[in-house]
Amino acid sequence: LIKLKTIEEIKKIRAAGKILARVAQSIKEAVKEGVSLKFLDELAFNLIKKAGAEPAFLGYQPSGAKKPYGYSICASVNEVVVHGIPTKYKLKNGDLLKIDLGLRYHEFYADIAFTLPIGKVSSVAERLSKTTQEALMKGIKVAIINNTIGDIGYAIQNFAESKGFKIIKGLTGHGIGRDLHEDPFVYNEGKKGEGEKLKAGMTLAIEPMISAGSEKIIQFKNDSYATSDGALSAHFEHTIAITEKGPEILTML
Ligand code: MG
């Protein structure tokens, strides 16, 4: 069941999204060689609380996970795609870091993810990151009334594959609102015109996850997912609203 949001409800998600974008910006500024993932998690927790919001991931148990999540961010390095644990690991020159975080503010959620190179990364890492960010924007651009979920997936997949990369299988974006994960699934691959029709009032988290090698994932004991062949992966995400005027990114400064 897809819950369409009123203008008032979208306003609330926009407010949550603005706080989230500011927290994301502070994290980006703090990320550098030698900084621990744990430090970034504590920074996110403190900033979210200070803004009067609640970390969305803390205590959340996603389907497929063995236990509730104990942190405010996911911090996934190199081959780890999503759900990476913010451990004491200190970022090294050449790492490709993915941060995923969400928050709840006045009953509504917002969700964002981004990829950051640490110091000097390989040219593949750089291209992969840039491609994934652009793929997200391609997907958002076609998130318009009367297009479909398949159009979003097609735009993302087509662009990623044109750059020689693969869409990671088994992980998707999602609807978002009063719940962190709502219907529909927002696939990163698809066929034009297929799937659910997009309507004004839909709020979606679009999040391409792209691999420089295998499209298959394996799940580690700590619930994080990595590419099956250890290939680099990248991840970008925005929360958007589909409106009469077109797609609006709600997780922007
Ligand atoms: Mg998400």
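The values are calculated or read from the model by the stated rules, or taken from the named source; none is laboratory data. Everything numeric here is computed off the predicted structure, so don't read it as measured data. Please note: Cβ atoms are built from the backbone with ideal geometry, for glycine as well, and neighbour counts cover all protein chains shown. Calculation scope for accessible area: heavy atoms of the full protein, side chains included, ligands and nucleic acids excluded. Shrake-Rupley method; radii C 1.70, N 1.55, O 1.52, S 1.80 Å.
A few notes on this one:
- From ILE242, ILE149, ILE168, residue being of a type in the set (A, V, I, L, M), open to solvent by less than 20 Å² (accessible area, probe 1.4 Å), at negative phi and free of Cβ contacts under 8 Å to residues at least 60 places away in the same chain: ILE149
- Which numbered condition ALA110 fails, given (1) within 16 Å of the ligand (Cβ to nearest atom); (2) buried (at least 24 other Cβ atoms within 10 Å of the Cβ); (3) farther than 19 Å from PRO208 by Cα: (3)
- Here ALA135 does not fit the description of being on the phi < 0 side of the Ramachandran plot, within 16 Å of the ligand (Cβ to nearest atom), outside any helix (DSSP H, G or I) and of a type in the set (A, V, I, L, M, F, W, C).
- Flag for GLY59 being open to solvent by less than 70 Å² (accessible area, probe 1.4 Å), more than 17 Å from the chain's Cα centre (by Cα) and in contact (Cβ under 8 Å) with a residue 40 or more places away in the chain: no
- Hey, LYS98 basic (Lys, Arg) and surrounded by 20 or more Cβ atoms within 10 Å (Cβ to Cβ) or not: yes
- Residues that are under 21 Å from PRO62 (Cβ atoms), open to solvent by less than 20 Å² (accessible area, probe 1.4 Å) and more than 10 Å from the ligand (Cβ to nearest atom) within segment 183-208 comprise PRO184, ASN188, THR203, PRO208, listed in sequence order.
- When we screen ALA53, ALA16, ALA24 for residues that are open to solvent by less than 70 Å² (accessible area, probe 1.4 Å), touching a helix residue (DSSP H, G or I) at 6+ places or on another chain (Cβ under 7 Å) and either at pLDDT 95 or above or on the phi < 0 side of the Ramachandran plot (or both), the only hit is ALA53.
- Considering residues of segment 114-146 that are of a type in the set (Val, Ile, Thr) and open to solvent by 20 Å² or more (accessible area, probe 1.4 Å) only, the residue farthest from the chain's Cα centre (by Cα): ILE145
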